[in-house]
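A.B. asks: Quick one: this structure, given as structure tokens, is what I'll be asking you about.
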Amino acid sequence: MNRINLPFLLVLLLPVIGSAQKFDGLALTPPMGWNSWNTFATDIDEQLVREVADAFVELGYKDAGYTYIVLDDGWMAKERDENGNLVPDPDKFPGGMKALADYVHERGLKFGLYNCAGNKTCAGYPGSRGHEYQDAQLYAEWEVDYLKYDWCNTENLDAKGAYQTMRDAIYAAGRPMVFSICEWGQHDPWKWGSEMGHLWRTSGDIINCWDCEIGHGSWSSWGIWKIIRMREDIRQYTGPGHWNDFDMMEVGNGMTAGEDRVHFAMWAMLASPLIMGNDVRINDKETIKTLTNKDVIAVNQDSLGIMGFKFSDEGNIEIWAKPLADGDWAVAFINMGRTSAKIEFDWSKHKIEDAMHNRWVDPDKDQYKITDLFNHVDFGTTENNLNASIAPHDILMTRLEQIKK
Ligand code: GAL
């Protein structure tokens, strides 16, 4: 009779059990890329991915820092094969995932896929429950760089445990992958997510509106400001390698140009991952200008990784602040109203304080040079009042650079 040699088995498994962890150093600044869901839902194929990769290069997205191209739900066939392996839908992806990943990698970009902790994905494709190690191995063979992992059909699963299993499976497969936790903020993932992955969704699905809630029976989709308000108080959990994810962006998906600027700027202020959700193949100058604004992106990608906070309201204008490296700050003035608004901001009367990170803008002690990050004009220094007019649902976003005294 064959007897299991327990000590030998333990020695074999030790590297896996003993050192399971997430891959560190992968998302020291918020991940930037594109995801198929917001625009295409399950209507995706390999041609789309190739065209998106080409658009990244040709329309300036790659230069601006966008790297990951992520296929969301709908890439699989409805059944696993006879060995239990996931199969890319043969009609949508006839060339298979490895060839597609190669195409993306050849352009200096990275490739991501989606699956789910449950038995089935939200759109009814095979989920990873019970197949975690096998699926991670397959992704590693395909040279996947990013896995978004959803939370549908997870009856009786413990969220932290389920994400830990997939984290360990990725680690065992040996290929570094950004692990994107998507359980909609239901089990406070900000409290345990940094151990398991690199980013975690903080809410249910985003939708392309300023402040609406669209009900779907048991769940809702949320407008930009609904999501921000829901989670403005989880600042302490975000930082290099572990991010609050305010969801894939809706910039370019039908809001006004001003609202798109506010949305983009706020994702930068919140240090949220910048994952585009529009059809980036469309050469729409205004959208490209917003999404590739390097000054705003620099605020998002700042090395401190501090999430911004609401500083105050002045009439219809909401003021947000975010400490940056080298004593700099981003300060954003958002017109929440439906008519244009004037601001006359006297810096000397406002000490902006981030007690959590021990940082201040103290105009009595320090002076700052002010630049407008969307219009690229100089606004003088904090010695003078900032006078500006802001269009409805639009923004004045500034960077304060400390002038060394
Ligand atoms: C939702 C998720 C969306 C998208 C969708 C796919 O649960 O929040 O971002 O991934 O599933 O079915």
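A.B. asks: Can you tell me which residues in the stretch 361-387 are touching a residue at least 40 places away in the same chain (Cβ under 8 Å) and surrounded by fewer than 18 Cβ atoms within 10 Å (Cβ to Cβ)?
C.D. replies: The answer is 371, 376, 385, 387.
A.B. asks: Further, regarding this structure: Among (1) more than 31 Å from the chain's Cα centre (by Cα); (2) not in a loop (DSSP other than H, G, I, E, B), where does residue 365 come up short?
C.D. replies: It fails just one condition, (2).
A.B. asks: Across the stretch 285-302, what is the total count of residues that are farther than 18 Å from residue 55 by Cα, surrounded by fewer than 20 Cβ atoms within 10 Å (Cβ to Cβ) and not charged (D, E, K, R)?
C.D. replies: Here the count works out to 2.
A.B. asks: Specify the residue that is farthest from residue 155 (Cα to Cα); the eligible residues are those in the stretch 124-135 that are within 13 Å of the ligand (Cβ to nearest atom) and among the small types (Gly, Ala, Ser).
C.D. replies: 124
A.B. asks: Inside the stretch 248-282, can you point out the residues that are in contact (Cβ under 8 Å) with a residue 40 or more places away in the chain, outside any helix (DSSP H, G or I), out of contact with any Phe, Trp or Tyr (no Cβ under 8 Å at 6 or more places or on another chain) and under 21 Å from residue 334 (Cα atoms)?
C.D. replies: Matches in the stretch 248-282: 250, 253, 254, 256.
A.B. asks: Continuing with the same structure: Does residue 119 meet the test of being more than 14 Å from residue 85 (Cβ to Cβ), modelled with pLDDT under 95 and among the polar types (S, T, N, Q)? Don't jump to the end; show me each part of the working.
C.D. replies: On the way: more than 14 Å from residue 85 (Cβ to Cβ): yes; modelled with pLDDT under 95: no; among the polar types (S, T, N, Q): yes.
In short, no.
A.B. asks: Can you name every one of the strands (runs of 3 or more DSSP E) wholly within the stretch 308-360 that holds 2 or more residues which are in contact (Cβ under 8 Å) with a residue 24 or more places away in the chain and within 23 Å of the chain's Cα centre (by Cα)?
C.D. replies: Those strands (runs of 3 or more DSSP E) span 309-314, 317-323, 329-335.
A.B. asks: Which ones in the stretch 147-197 are over 18 Å from residue 119 (Cα atoms), aliphatic (A, V, I, L, M) and assigned to a strand (DSSP E or B)?
C.D. replies: Result: 178, single match.
A.B. asks: Another question, if that's okay. Tell me which residues, restricted to the stretch 95-144, are of a type outside the set (A, V, I, L, M, F, W, C), over 23 Å from residue 41 (Cβ atoms) and within 22 Å of the chain's Cα centre (by Cα). Break it down into steps so the answer makes sense when it comes.
C.D. replies: In the first step, residues of the stretch 95-144 are kept if they are of a type outside the set (A, V, I, L, M, F, W, C); the result is 95-96, 98, 102-103, 105-108, 110, 112, 114-115, 118-121, 124-135, 137, 139, 141, 143.
Subset that is over 23 Å from residue 41 (Cβ atoms): 98, 102, 105-108, 130-134, 137, 141, 143.
105, 107, 108, 143, listed by residue number.
A.B. asks: Quick one: in the stretch 198-222, which of the residues that are away from the ligand (no atom under 15 Å from the Cβ) and of a type outside the set (Asp, Glu) is nearest to the chain's Cα centre (by Cα)?
C.D. replies: Filtering the stretch 198-222 for residues away from the ligand (no atom under 15 Å from the Cβ) gives 198, 209-213, 215.
With of a type outside the set (Asp, Glu) added as a condition, the list becomes 198, 209-210, 212, 215.
Values: 198: 10, 209: 18, 210: 18, 212: 21, 215: 23 Å.
Here the answer is 198.
A.B. asks: Can we say residue 63 is among the acidic types (Asp, Glu), more than 16 Å from the ligand (Cβ to nearest atom) and out of contact with any Phe, Trp or Tyr (no Cβ under 6 Å at 6 or more places or on another chain)? Walk me through how you get there before you give the answer.
C.D. replies: Working: among the acidic types (Asp, Glu): yes; more than 16 Å from the ligand (Cβ to nearest atom): yes; out of contact with any Phe, Trp or Tyr (no Cβ under 6 Å at 6 or more places or on another chain): yes.
The answer is yes for residue 63.
A.B. asks: Please specify each residue of the stretch 98-123 satisfying the condition of being aromatic (Phe, Trp, Tyr) and away from the ligand (no atom under 11 Å from the Cβ). So that I can check it myself, show each step before the final result.
C.D. replies: Residues of the stretch 98-123 that are aromatic (Phe, Trp, Tyr), as a first pass: 103, 111, 114.
If the condition is that a residue be aromatic (Phe, Trp, Tyr) and away from the ligand (no atom under 11 Å from the Cβ), then 103, 111 are the ones that fit.
A.B. asks: Applying the selection to the stretch 34-52, what residues are within 12 Å of the ligand (Cβ to nearest atom), crowded, with 20+ Cβ neighbours inside 10 Å and either among the charged types (D, E, K, R) or part of a loop (DSSP other than H, G, I, E, B) (or both)?
C.D. replies: Across the stretch 34-52, the qualifying residues are 36, 44.
A.B. asks: Tally time: how many residues in the stretch 71-97 are aromatic (Phe, Trp, Tyr) and either away from the ligand (no atom under 16 Å from the Cβ) or assigned to a helix (DSSP H, G or I) (or both)?
C.D. replies: At the first step, the residues of the stretch 71-97 found to be aromatic (Phe, Trp, Tyr) are 75, 93.
Within this subset, residues satisfying the condition of being either away from the ligand (no atom under 16 Å from the Cβ) or assigned to a helix (DSSP H, G or I) (or both) are 93.
Count: 1.
A.B. asks: Right, something else. For residues that are among the charged types (D, E, K, R) and either assigned to a loop (DSSP other than H, G, I, E, B) or at positive phi (or both), scanning just the stretch 198-225, find the one that is surrounded by the most Cβ atoms within 10 Å (Cβ to Cβ). Walk me through it before giving the result.
C.D. replies: Keep residues of the stretch 198-225 that are among the charged types (D, E, K, R), which gives 201, 205, 211, 213.
Remaining after also requiring either assigned to a loop (DSSP other than H, G, I, E, B) or at positive phi (or both): 205, 211.
Working: 205: 19, 211: 15.
Checked the stretch 198-225; the qualifying residue surrounded by the most Cβ atoms within 10 Å (Cβ to Cβ) is 205.
A.B. asks: Mind checking which residues of the stretch 226-247 are more than 16 Å from the ligand (Cβ to nearest atom) and either part of a loop (DSSP other than H, G, I, E, B) or under 15 Å from residue 211 (Cβ atoms) (or both)? So that I can check it myself, show each step before the final result.
C.D. replies: Initial filter on the stretch 226-247 (more than 16 Å from the ligand (Cβ to nearest atom)): 228-229, 232-242.
228, 229, 232, 233, 234, 238, 240, 241, listed by residue number.
A.B. asks: Which members of the stretch 136-168 meet the condition of being within 16 Å of the ligand (Cβ to nearest atom) and among the polar types (S, T, N, Q)?
C.D. replies: Selection gives 153, 154.
The values are calculated or read from the model by the stated rules, or taken from the named source; none is laboratory data. Small disclaimer: the values here were computed from a predicted structure and weren't measured. Neighbour counts are summed over all protein chains in view; Cβ atoms, including those assigned to glycine, are modelled from backbone coordinates with ideal geometry.
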